[in-house]
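Only one structure is covered here, and it is reproduced in the block below.
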Amino acid sequence: MTANLVALWYLVASVCFILALKGLSHPETARRGNAFGIAGMTIAVLTTLAVVAQGRIDLILLAMLIGGAIGAYVSRKVEMTQMPELVAAMHSLVGLAAVLIAVAVVNNPAAFGMTPPMPAGNRLELFIGTFVGAITFSGSIIAFGKLAGLGKKFRLFSSAPVVFPAQHLLNLVLALVMVGFGCMFFLSQDQAWMPFLIMMAIAFVLGVLIIIPIGGADMPVVISMLNSYSGWAAAGIGFSLNNTMLIIAGSLVGSSGAILSYIMCKAMNRSFFSVILGGFGAAEGAAAQGAGEKPVKSGSADDAAFMMANAESVIIVPGYGLAVARAQHAVKEMAAKLTAKGVSVRYAIHPVAGRMPGHMNVLLAEAEVPYDQVFEMEDINSEFGNTDVVLVLGANDVVNPLAHEKGSPIYGMPILDVHKARTVLVNKRSMASGYAGLDNPLFYMDRTMMVFGDAKKVIEDIVKAIE
């Protein structure tokens, strides 16, 4: 395949990726966006195979077969509630790929078309690609552990922020040392294995130190940030391999991930630069001490069904509890029954509800909930005061009024103003605190009724009780 033809097909793949991002920006066009993404990746892979057809393509096909088989197995086994962990794991693989390719280039630059001594531009690409990839890898591993709830087995995976004295000073010193050894590698005229390996090792450590102080309800921002890092790591791979397709695709992922991180930070009222520097996590909040001693009103599914069936307006707030119970289909059936009785039903989505950006949107789309019933926080927050009943399904931090109180660990975080509704129904398995480890005053309000139990079972009982 000629160079011009390769460039043409890579251009077509790049256009498909851009159209994929455009489609994924709205639920109604998301399926078309996915189709463009699949088409673009297929074109890119086939074109790359044509480029390397003169080499050991048998080994490449074997590796693709093994990787594809593993991917197919994992995709069939992973539950929807485990998607955040899967995303973090995929990010780690991109970062590790960047590091391994950089090591291969340093070891044998001639195999990549570079005549020793390696040009300064290529050394700079390797320097940047290596430390971004290493930070992405180790940071994603920590994010995976936090999301998978491995904190009981290993302290670094705790969902609460892991902090220690002079933490940010240590990060700064390590970053400066890493850059120093990177400059030594850049200025060297030989392979310079020692500064390269030391720089890489420090980057792995920095990835851990940047993510461990982030915890609680902040993990969706971490996912979007690591998504951006993985994109830039892929772009670094592209420069090392002189592959324009990887450069373009990586840049698209990196820039879109950075934009998403910025949007998420605005939704959380946090500093974008604090996220980049690993200072996003708030101080560990007070756990829900004594929650069991406070009086709460509790009711049954029949009580909840009666209240909603006799209301004029109902807003459903999905949270991680809905995802764990896989209750989205039952919720759609309940909403359909309420709508048939003349009740106005809407869904309120907080941008960081769940464990990853868009988590609740994905679940509702899977159940084919009508898009015109789903509203983002800024579009529906003003409606809670005029709403008869709000049903909260497993959400904690995103509906916690402590966000309005100075001194609270989540002070300033925009929340869904559920507490302003005339009646609040909260479905939880227990009075345990949310991911941020904070008690929630919403649960003890006079107009709040708790309905304890598995979300899917409770909703199914409500559906039966609605006549």
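Roughly what percent of Cα-Cα pairs across the chain reach past 32 Å?
46 percent
Please calculate the 1.4 Å probe accessible area of Ile410, with all protein chains present, and give it to the nearest 10 Å².
Roughly 10 Å² of Ile410 is accessible to a 1.4 Å probe.
What pairs from Lys406/Lys456; Lys341/Lys457; Lys77/Lys420; Lys153/Lys420; Lys294/Lys420 go past 32 Å between their alpha carbons?
Lys406/Lys456; Lys77/Lys420; Lys153/Lys420
Rounded to whole Å and sorted largest first, what semi-axes of the equivalent ellipsoid does the C-alpha gyration tensor of region 28-135 yield via the square root of 5 times each eigenvalue?
30, 19, 15
Where does helix 244-268 land angle-wise versus the long Cα axis of the chain, in degrees 0 to 90, nearest 10?
The answer is roughly 30 degrees.
For the Cα atoms of the chain, what angle does the longest principal axis make with the long axis of helix 167-187, in degrees from 0 to 90, nearest 10?
The two axes meet at around 20 degrees.
How far is helix 120-147 tilted off the main Cα axis of the chain, in degrees rounded to 10, range 0 to 90?
30 degrees
With every protein chain kept in place and ligands, DNA and RNA left out, what is the accessible area per residue of the chain? Probe 1.4 Å, answer in Å².
For the chain, the per-residue accessible area is 47 Å².
Defining a contact as two alpha carbons under 8 Å apart and six or more residues distant in sequence, what relative contact order in percent does the chain show?
RCO, the chain: 15 percent.
With a cap of 12 neighbouring Cβ atoms within 10 Å, and only residues DSSP puts in a loop, list the GluC sites (Glu not before Pro) found in region 316-411.
Sparse-neighbourhood loop GluC sites (Glu not before Pro): Glu368, Glu405.
For region 342-357, what does the Karplus curve 6.51 cos²θ - 1.76 cosθ + 1.60, with θ = phi - 60°, yield as ³J(HN,Hα) per residue in whole Hz, taken in order and with x for Gly and Pro?
Result, rounded to whole Hz: x, 8, 7, 10, 9, 10, 10, 10, 7, x, 10, 5, x, 10, 7, x.
When the accessible area of the chain is split by element with a 1.4 Å probe, what percent falls to carbon and sulfur?
On the chain, the fraction of accessible area on carbon and sulfur atoms equals 65 percent.
The values are calculated or read from the model by the stated rules, or taken from the named source; none is laboratory data. What you see is a predicted model, and the numbers here were worked out from it, not measured in a lab. Quick reminder, even Gly has a Cβ in these numbers, built from the backbone with ideal geometry, and neighbours come from all protein chains shown. Just so you know, the surface numbers come from the protein's heavy atoms only, side chains and all, with ligands and any DNA or RNA stripped out. Shrake-Rupley method; radii C 1.70, N 1.55, O 1.52, S 1.80 Å.
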